[in-house]
Amino acid sequence: MAPAGVEAILVEPGPFATNLAGSFVPEARTEVLADYSEQQSIFNGMLEGVTTLLQSADFPKPNLVAEAYLKLAEMPQGSRPTRTTVGLPLGADKVNELTQPIQDGSLQAYQMEYLLKTKIK
C-alpha cells in the first residue's frame, strides 16, 4: 500500500479503565458451571483483580487512544511509525522494537524495500 501513497499503521492500546468486567453476562446454564467450578473460581478471582486494577485512579484513561490517533493523523505523510503503543504497553513496545528490524530485513532480502517507503503526494 505504501507505493500507492497509503500508510498502514497499527495502534496497539493496552488495558484501559472501562466497564468491560461489568459487561459480562453470567452463564445461564448452571449445569455447565457446576462441571467447571474450579475454572470458574479462577476466572472470578482474575475478574476481581482486573476490575480492581481498572478502577484505580492512576490507570490510563481510554481518551489516550483517540489522542494517539489524532497525533498520528497530524504527522507528515511518510513519517508515521508502523506501530504505536498507547497506555500500558505490557511488553508490546519491546516486541515491536525487536521485530521491526527483522521484518524490514526480510523485505530487503527479497528486494522489496520499496514497500517500506510511502509515496508522498
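Structure summary
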| item | result |
| --- | --- |
| Shape call, region 71-112: gyration tensor on alpha carbons, a/c limit 1.5 | oblate |
| Residue range of the chain that is longest and free of chymotrypsin sites (Phe, Trp or Tyr not before Pro) which are both DSSP loop and sparsely packed (at most 11 other C-beta within 10 Å) | 25-109 |
| Spatially close lysines, pair count over the chain: Cα under 26 Å, gap of eight or more or interchain | 7 |
| Relative contact order (percent, whole number), the chain, Cα cutoff 8 Å, 6+ residue spacing | 50 |
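Each value in this text was obtained by applying a stated rule to the coordinates, not by laboratory testing. Just so it is clear, the model here is predicted, and its values are computed rather than measured. All Cβ positions, glycine included, derive from the backbone under ideal geometry; neighbour counts span all protein chains shown.
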